[in-house]
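**Student:** Have a look at this one.
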Amino acid sequence: MKEQLLQDGKAVGDRMSRVDGRLKVTGAATYSAEYALPNLVHAVLVGSTIAKGRIRSIDTKAAERAPGVLAVITHVNSPKVPGFAAKQNPDEPPTIGQPLRVFYDDKIYFNDQPIAVVVADTLERARYAAGLVKTQYAAEPHQTNFEANKARGFLPTQAKRNPKSPQNDYDRGQKDGYQSAPVKLEAEYVHESEMHNPMELQSIIAHWEAPDRLTVYDKVQAVKGTQRAFAKDWALPEENVKVIATFVGGAFGNGLHNWPHETAAIIAAKVTNRPVKLVLTREQMFTMVGYRPKTWQRVAMGATRDGKLVGITHECIGQTSSYEEFTESSVQQTRMMYAAPNVSTRYRILGLDISTPIWMRGPGEATGAFALESAIDEMAHLLNLDPLEFRLRNHTDTDPEKNKPWSTKYLKECFQAGAERIGWSKRRMQPGTLREGDWLVGYGMGVGTFGANRGVAKVRAVLRADGSVLLQSATTDIGPGTGTAMVQIAADALGLSPDKIRFELGNSTFPTAPSQGGSSTVNTVGSAVLAACTELKQKLQQLGGAAFAGAAPDQLTLAGGQLGLRTNAAAKASLADLRKQNNGQDIEVTTEAKPGDARQKYSMYSFSVHFAEVRVHALTGEVRVTKMVSCADAGTIVNQKTAGSQMIGGAIGGIGMALHEGALMDDRFGRYVTKDLADYHVPVHADAPPVEVFFVNKPDTLVDPIGTKGIGEIAIIGVAPAIANAIFNATGKRVRELPITPDKLI
Amino acid sequence: MAQENLNPTAPADDHDEARRTFLKQTSVLTALALTPGPVVQAAAAQWDEKVAAAFEKVPLKLDINGKKYRLQVEPRTTLLDLLREQLHLTGTKKGCDYGQCGACTVHVDGQRVNSCLTLAVMQDGRKVTTIEGLAEGDKLHPMQEAFIKHDGFQCGYCTPGQIMSAVACIREGHANSEGEIREYMSGNICRCGAYPNIVAAIQEVKNGGQKV
Ligand code: FES
Ligand code: FES
């Protein structure tokens, strides 16, 4: 069936308030640690204090004797997890290798690796007893220092196995063709590891409802993926594992992988035969649930004197663990953003004795954009060109990497809107020359892009006796407002008021949907909502009989508790009659939607540009971002309010990346020094300037029938270089190491 | 520094354990003195454990959201864990447990406090208001309405703390400008980055003149 485009939107585009807003402002929204199950007990993890080696002995006697303790589980007494022994499946996303098998053996791979779990009747007692576990190690020398090991970076296995993998080396035109250009630069860029640090601590309640039936209330971005992973671990049919994630208190990517604490809780629930709640501490959020990996990059760039790029070479080494190969697309933007005839990229990973990273908002693209968009700014300065003008001179209307047309690209509109709103004309070409008292003022910009991805999803739509429609799909909502957007799409698709529609998510028993990641939820699940609503109407059309025969789906409406026809006000069928035709049952469809073949013909990306105004204190080096303008070409904007919030959130996340965030490793112990929100700074109210958002808001119906392209990632990609470039413009100091703390400016 | 606290023969870690052992022994001894017969039975049923646990709890009276509670709590239980784990008032959130994020903000006698940094037993006789107690029945507090209108949240996890803090911020007289609001709200972290929308919500309530 050809996809029906979304027509005639009234709800889509509206600034509708969130459907779950009331639950969130009253404290009634239930997050994963907040289910009150009978007989629930509490688990606390004990982590290793060495980064590499073996556990020689682990003394749990005192902990076991402590009041209220039900079990202390270590590798010595843990029940076997069937899937742990099975041969690893290297094709499983997201990483190649073997995810850490908790309590499997005595081996230590990283500092604070879970080595025991203590279960007690109260949290206080579990925490106290966890402190009584005494461990002896046979330590081995560990490697946690990135610089010292940089030479060991290697091509990811997925690239070695698959010549088509985008992680392979890439050369367009001449290899290192930048060298032939009259104007050249070369620079290295580094950022420290960054932690997702969602405000909700990673939490799980594991409940074996029967010896072969597991339910978890888990903070994850993929309920189906988690269901599959645990079913495999425990050798159970998928339907015997139920995963609930109705509300997720932020994740930013760290819910895209299943982590050791989850299985620790499941094991603990098995041993105690009680529902077990396990909530990580904030310190543990730094050591075992993923992070944006520390990355080294080198960009070399060549241009003609009149500002045409001749070539770019971009090399990147990202950190991973010793047991899993984590990869991301850090050099992708370099391949397709500018019309350079010669482009070379190299991507390597470096395994260290640290836990596995995982995609963090904007993931590798944000990392790569910091290097590329900083280098573009550096080159513009060398050429004495306005960096906006330099970008325009190298703008490309086709994808130079794939030699395909863009599905849509309205980046120039974004440039113009952003430049006007930030007041780009105030920017001085000569850095360090705009001053207000002790404050140096500067302006900078950075471009971002991310694939307009779309996957396959199913949605169930049920028309109930009261005329309301219930939609269900096993997607999640980590904050963007998924349910709200889906209700808006359904309202237009059905010709029904949004308050008559309910969208349920976060439950693995619902029709399948992919993880919430890669800015693709509305493209993927929204399309399935549209398809399900269309099919529902077609079913009603059949039940409605002759009066509706031959009408196109977008002519059918559901308002006022009856089926109607836009073109003929007289055609009406009451819901009661339709139900009678349906044997008195709720009228229900489950519909799948998947991307079409336009994906082969076009290159599909969302684009953004961020403008920053900064003030840098001339004496102390303190940086204040005083204004940001974020502009996005993200296709149709389903909800201006919630989409705007995503952009603002990305901009503020980018301020953290640029100015505050960096996990510092003490290599003597292989442990982070920054381990909580006092040592590891994330932006607070005082750091957050007004952020003005501009959307082009033109549909891209090649990506999906609603015309959306995705927002979550481009909201942050390009922000850090915009700020770094603004700091250069303010001070004349080029900082190529994030975060840009005051010590780097004085 | 209070050097005298550092007694090398009794490491601080073992203090609780020592006291508990003492309590347990005393309770068993008492049982022994009264009725030697059932001692074996008592040990088997871990009665000594239960008696000791009872000794460890401290009586506590609290008014939470207008409801009176008479509780027995361990002295080491924080107000946050009492609310979330024992009273199932899970609207108050745990984001760090160290006073660094503000997710656990509640009002105690009208003042905003980080409930994770507050031992429950220290609040005896006080009036606690949590996010669950802010609305009047079905009628939302103006700050709750303003958060919805201005989209002052995304994931919603920091939101109860932000709202409790925002109400107090206005009551304290610290919401007179955007800059002042940002300063006095900086103890409440929002990783989703809803800050500008939160500030807009607070300004609207402040300027709306409704009673907060
Ligand atoms: S949980 Fe209390 S301040 Fe973070
Ligand atoms: S709304 Fe997610 S942390 Fe504030």
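The values are calculated or read from the model by the stated rules, or taken from the named source; none is laboratory data. All values derive from a computational prediction rather than experimental measurement. Glycine gets a Cβ as well: all are built from the backbone with ideal geometry, and neighbour counts include every protein chain shown. Side chains included, ligands, DNA and RNA excluded: accessible areas come from the protein's heavy atoms. Shrake-Rupley method; radii C 1.70, N 1.55, O 1.52, S 1.80 Å.
**Student:** For B:Gln100, which of the numbered conditions (1) assigned to a helix (DSSP H, G or I); (2) of a type in the set (S, T, N, Q); (3) under 30 Å from B:Pro59 (Cα atoms) fails to hold?
**Tutor:** The failed condition is (1).
**Student:** Continuing with this model, one more query. Of the numbered conditions (1) in contact with a strand residue (DSSP E or B) (Cβ under 6 Å, 6 or more places away or on another chain); (2) surrounded by fewer than 24 Cβ atoms within 10 Å (Cβ to Cβ); (3) within 25 Å of A:Gln167 (Cβ to Cβ), A:Pro341 satisfies every one except a single condition; which is it?
**Tutor:** Condition not satisfied by A:Pro341: (1).
**Student:** Could you list, in sequence order, the residues of the stretch A:258-290 that are open to solvent by less than 30 Å² (accessible area, probe 1.4 Å) and either of a type in the set (D, E, K, R) or at pLDDT below 95 (or both)?
**Tutor:** A:Glu262, A:Lys277, A:Arg282
**Student:** Take the residues in the stretch B:103-113 that are in a loop (DSSP other than H, G, I, E, B) and within 16 Å of ligand 1 (Cβ to nearest atom); name whichever of them is farthest from the other protein chains (Cβ to nearest Cβ).
**Tutor:** B:Cys104
**Student:** When the residues of the stretch B:97-113 are narrowed to those that are small (Gly, Ala, Ser) and surrounded by 17 or more Cβ atoms within 10 Å (Cβ to Cβ), which ends up farthest from ligand 2 (Cβ to nearest atom)?
**Tutor:** B:Gly102
**Student:** Identify, from the list B:Val128, B:Val121, the residue that is in contact with a strand residue (DSSP E or B) (Cβ under 6 Å, 6 or more places away or on another chain), more than 7 Å from chain A (Cβ to nearest Cβ) and open to solvent by 30 Å² or more (accessible area, probe 1.4 Å).
**Tutor:** Sole residue among the options that is in contact with a strand residue (DSSP E or B) (Cβ under 6 Å, 6 or more places away or on another chain), more than 7 Å from chain A (Cβ to nearest Cβ) and open to solvent by 30 Å² or more (accessible area, probe 1.4 Å): B:Val121.
**Student:** Cβ-Cβ under 6 Å, sequence separation 6+ or interchain: first residue in the stretch A:190-208 and free of Cβ contacts under 8 Å to residues at least 60 places away in the same chain, partner within 16 Å of ligand 1 (Cβ to nearest atom) and among the hydrophobic types (A, V, I, L, M, F, W, C). Which pairs?
**Tutor:** Between residues of the stretch A:190-208 that are free of Cβ contacts under 8 Å to residues at least 60 places away in the same chain and residues that are within 16 Å of ligand 1 (Cβ to nearest atom) and among the hydrophobic types (A, V, I, L, M, F, W, C), the close pairs are A:Met199/B:Ala103; A:Met199/B:Cys158.
**Student:** Could you list, ordered by first residue, the pairs with Cβ atoms under 9 Å in which the first is in the stretch A:9-25 and farther than 13 Å from A:Gly644 by Cα and without any contact (Cβ under 8 Å) to a residue 60 or more places away in the chain and the second is more than 16 Å from ligand 2 (Cβ to nearest atom) and open to solvent by less than 30 Å² (accessible area, probe 1.4 Å), at least 6 apart or interchain?
**Tutor:** Taking only residues 6 or more apart or on different chains, the pairs are A:Arg22/B:Leu140; A:Val25/B:Leu134; A:Val25/B:Ala135; A:Val25/B:Leu140; A:Val25/B:His141.
**Student:** Let me ask another. If the Cβ limit is 6 Å and pairs must be 6+ apart or interchain, which residue in the stretch B:188-211 that is open to solvent by less than 60 Å² (accessible area, probe 1.4 Å) pairs with which residue that is within 16 Å of ligand 1 (Cβ to nearest atom) and of a type in the set (Val, Ile, Thr)?
**Tutor:** B:Ile189/A:Val684
**Student:** Which of the residues belonging to the stretch A:678-695 are open to solvent by 20 Å² or more (accessible area, probe 1.4 Å), more than 7 Å from chain B (Cβ to nearest Cβ) and either out of contact with any helix residue (DSSP H, G or I) (no Cβ under 7 Å at 6 or more places or on another chain) or outside any helix (DSSP H, G or I) (or both)?
**Tutor:** Across the stretch A:678-695, the qualifying residues are A:Asp679, A:His681, A:Glu692, A:Val693, A:Phe694, A:Phe695.
Table: residues versus (1) away from ligand 2 (no atom under 16 Å from the Cβ); (2) under 26 Å from B:Ile170 (Cα atoms); (3) within 11 Å of the chain's Cα centre (by Cα); (4) not aromatic (Phe, Trp, Tyr).
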position: B:Glu74; (1), (2), (3), (4): yes, no, no, yes
position: B:Leu79; (1), (2), (3), (4): yes, yes, yes, yes
position: B:Glu85; (1), (2), (3), (4): yes, no, yes, yes
position: B:Lys94; (1), (2), (3), (4): no, yes, yes, yes
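**Student:** Does A:Lys175 satisfy the condition of being at pLDDT below 95 and either open to solvent by 70 Å² or more (accessible area, probe 1.4 Å) or not assigned by TED's automatic domain parsing to the domain that holds A:Pro79 (or both)?
**Tutor:** Criteria not met by A:Lys175.
**Student:** Now a separate question. Determine which member of the set A:Phe110, A:Phe84 is modelled with pLDDT of 95 or more, over 24 Å from the mean Cα position of the chain (by Cα), of a type outside the set (Asp, Glu) and not in a strand (DSSP E or B).
**Tutor:** Of A:Phe110, A:Phe84, the one residue that is modelled with pLDDT of 95 or more, over 24 Å from the mean Cα position of the chain (by Cα), of a type outside the set (Asp, Glu) and not in a strand (DSSP E or B) is A:Phe110.
**Student:** Here's another thing I want to ask about it. Given A:Lys709, A:Lys675, which one is surrounded by fewer than 24 Cβ atoms within 10 Å (Cβ to Cβ), more than 9 Å from every other protein chain (Cβ to nearest Cβ) and charged (D, E, K, R)?
**Tutor:** Of A:Lys709, A:Lys675, the one residue that is surrounded by fewer than 24 Cβ atoms within 10 Å (Cβ to Cβ), more than 9 Å from every other protein chain (Cβ to nearest Cβ) and charged (D, E, K, R) is A:Lys675.
**Student:** Within the bounds of the stretch B:131-151, is there any residue that is within 16 Å of ligand 1 (Cβ to nearest atom) and not acidic (Asp, Glu)?
**Tutor:** yes
Residue by residue, here is whether (1) farther than 30 Å from A:Phe110 by Cβ; (2) among the hydrophobic types (A, V, I, L, M, F, W, C); (3) modelled with pLDDT under 95 holds:
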site: A:Pro141; (1), (2), (3): no, no, no
site: A:Phe146; (1), (2), (3): no, yes, no
site: A:Asn168; (1), (2), (3): no, no, no
site: A:Ala187; (1), (2), (3): yes, yes, no
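**Student:** Tell me which of these A:Arg18 doesn't satisfy, since it passes every other one: (1) away from every other protein chain (no Cβ under 13 Å); (2) over 29 Å from A:Ala265 (Cα atoms).
**Tutor:** So A:Arg18 meets the others, but not (1).
**Student:** Quick check: is even one residue across the stretch A:628-635 within 12 Å of chain B (Cβ to nearest Cβ), surrounded by 16 or more Cβ atoms within 10 Å (Cβ to Cβ) and assigned to a strand (DSSP E or B)?
**Tutor:** yes
**Student:** Going residue by residue through the stretch A:644-661, is there one that turns out to be among the β-branched types (Val, Ile, Thr), open to solvent by 10 Å² or more (accessible area, probe 1.4 Å) and touching a residue at least 24 places away in the same chain (Cβ under 8 Å)?
**Tutor:** Yes, there is a match, as at least one residue in the stretch A:644-661 is among the β-branched types (Val, Ile, Thr), open to solvent by 10 Å² or more (accessible area, probe 1.4 Å) and touching a residue at least 24 places away in the same chain (Cβ under 8 Å).
Every residue, every condition in (1) among the aromatic types (Phe, Trp, Tyr); (2) under 31 Å from the mean Cα position of the chain (by Cα), yes or no:
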{"site": "A:Phe415", "(1), (2)": "yes, yes"}
{"site": "A:Glu420", "(1), (2)": "no, yes"}
{"site": "A:Trp424", "(1), (2)": "yes, yes"}
{"site": "A:Arg428", "(1), (2)": "no, no"}
{"site": "A:Arg435", "(1), (2)": "no, no"}
{"site": "A:Leu440", "(1), (2)": "no, no"}
{"site": "A:Gly451", "(1), (2)": "no, yes"}
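**Student:** Then there's this: (1) away from chain B (no Cβ under 14 Å); (2) surrounded by fewer than 16 Cβ atoms within 10 Å (Cβ to Cβ); (3) over 20 Å from A:Ala264 (Cβ atoms): which one isn't true of A:Gln4, the others all being true?
**Tutor:** A:Gln4 satisfies every listed condition except (2).
**Student:** Now for a different question. Return the residue satisfying two criteria in turn: it lies in the stretch A:588-616 and is among the hydrophobic types (A, V, I, L, M, F, W, C) and surrounded by fewer than 24 Cβ atoms within 10 Å (Cβ to Cβ), and of such residues it is nearest to A:Ser407 (Cα to Cα).
**Tutor:** Going through the qualifying residues, I end up with A:Ala598.
**Student:** Working only within the stretch B:67-92, note down all residues that are among the charged types (D, E, K, R) and farther than 18 Å from B:Val108 by Cα.
**Tutor:** The answer is B:Glu74, B:Arg76, B:Glu85.
**Student:** Something else now. Going residue by residue through the stretch A:257-275, is there one that turns out to be in contact (Cβ under 8 Å) with a residue 40 or more places away in the chain, more than 24 Å from A:His42 (Cβ to Cβ) and small (Gly, Ala, Ser)?
**Tutor:** Scanning the stretch A:257-275, I find no residue that is in contact (Cβ under 8 Å) with a residue 40 or more places away in the chain, more than 24 Å from A:His42 (Cβ to Cβ) and small (Gly, Ala, Ser), so the answer is no.
**Student:** Could you list, ordered by first residue, the pairs with Cβ atoms under 6 Å in which the first is in the stretch B:65-82 and part of a loop (DSSP other than H, G, I, E, B) and the second is among the small types (Gly, Ala, Ser), at least 6 apart or interchain?
**Tutor:** B:Asn65/B:Gly133; B:Thr77/B:Ala120
**Student:** So which of A:Leu540, A:Leu565, A:Leu530 ends up being without any contact (Cβ under 8 Å) to a residue 40 or more places away in the chain and not assigned by TED's automatic domain parsing to the domain that holds A:Asp704?
**Tutor:** A:Leu565
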